[in-house]
1. I'd like to know if region B:49-69 contains one or more residues that are within 10 Å of chain A (Cβ to nearest Cβ), at pLDDT 85 or above and not in a helix (DSSP H, G or I).
2. For residue B:122, work out the one condition from (1) at pLDDT 80 or above; (2) outside the structural domain of residue B:21 (by TED's automatic domain parsing); (3) open to solvent by 50 Å² or more (accessible area, probe 1.4 Å) it doesn't fulfil.
3. Take region A:53-75 and flag every residue that is over 12 Å from the mean Cα position of the chain (by Cα) and either small (Gly, Ala, Ser) or surrounded by fewer than 20 Cβ atoms within 10 Å (Cβ to Cβ) (or both).
4. Mind listing whichever residues of region A:1-55 are within 19 Å of residue B:39 (Cβ to Cβ), more than 7 Å from every other protein chain (Cβ to nearest Cβ) and not in a helix (DSSP H, G or I)?
5. For the structure I just gave you, tell me whether residue B:107 is modelled with pLDDT of 90 or more and closer than 30 Å to residue A:81 by Cα.
6. Checking residue B:19 against (1) open to solvent by less than 70 Å² (accessible area, probe 1.4 Å); (2) part of a helix (DSSP H, G or I), which test does it fail?
Amino acid sequence: MVPIGYYLVLSAVLFVIGGVGVLARRNPLQMFMAVELMWNAVNLSFVAFARQYLDMAGHIFVFLVITVAAAEVAIGLAIIVMVFRKREHVDVDDLSLMKG
Amino acid sequence: MLSSVVFWIAAVLAVSGALGVVTTRNPVHTALSLVLTMLSLGVLFLLLHAEFLAVVEVLVYAGAVMVLFLFVVTLLMAGVKPPKEEHHLRLAYQTLIAGLFGLILFVLVLHSVVGAGWVGTLAGPQGGSFGSIASFGTALFTRYLLPFELTAVVLLVAVIGVVVLGREQE
């Protein structure tokens with residue numbers, strides 16, 4: 001049986017990699033995928049804790065998180081498509097319209 | 001121990017997929033790396049007796065959500081040239097700073113995990129019906145009925161929002 005700490009450390013590793021991805025990438029689609037990675041890392045923690053405490057609440061929470069993440073992906077991708085449809089480069093640095 | 005072997009294989013695959021998400025240049029490769037991570041996470045969910053969630057992870061995430069991503073990638077990146085290098089110099093040392101922040105975050109999270117004494121703790125014995133689809137459904141439709149209904153509202157808002165955003169702008 002694998003100790004729960006291993007799952008938590010794996011979850012932390014995935015979360016941090018996702019966070020670095022959000023900070024380091026310029027392509028909004030790749031940033032968005034890194035955010036998805038962070039969602040998934042946290043889901044792993046929830047499931048691990050549910051297993052530890054033998055409580056279904058963690059599973060329900062993951063279910064809700066997946067639903068909200070799907071809604072977020074739909075809206076976020078719609079915004080990205082709307083913003084970058086007419087642009088030459090797909091790069092968040094080009095969004096400097098409100099720069100002073 | 002079969003479960004430890006499966007855990008380590010899935011963990012290595014998940015981390016390598018995550019590294020692929022951060023390092024690959026082509027967005028299609030990024031999406032495929034993310035699919036690898038999600039499939040590995042599905043295996044880990046099975047190890048943790050979250051059978052329904054493992055199926056949902058593979059079907060909804062690795063299936064539906066990533067197909068949506070790939071649609072948008074092909075839609076947006078079709079005519080786009082890869083950005084030139086000087087285009088990437090506007091924020092200097094971005095990768096370095098991101099790595100530094102990531103390291104700090106990792107140390108903090110690891111400290112809290114180790115500090116709480118979780119690393120050596122064995123998962124408790126599996127109790128009865130924990131993790132089965134029947135107990136999941138019972139919990140979802142009795143005690144957690146209100147949150148479940150609220151997700152319906154969230155999805156409705158998402159649908160309306162996408163329709164409004166996706167219209168042709170005048």
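1. yes
2. The failed condition is (1).
3. A:53, A:54, A:55, A:57, A:58, A:61, A:64, A:71, A:74, A:75
4. Correct list: empty.
5. no
6. (1)
The values are calculated or read from the model by the stated rules, or taken from the named source; none is laboratory data. Keep in mind that this is a model prediction, so the values were computed, not measured. FYI the Cβ positions are ideal-geometry reconstructions off the backbone, even for glycines, and counts take in every protein chain you see. With ligands, DNA and RNA removed, areas are computed over all heavy atoms of the protein, side chains included. Shrake-Rupley method; radii C 1.70, N 1.55, O 1.52, S 1.80 Å.
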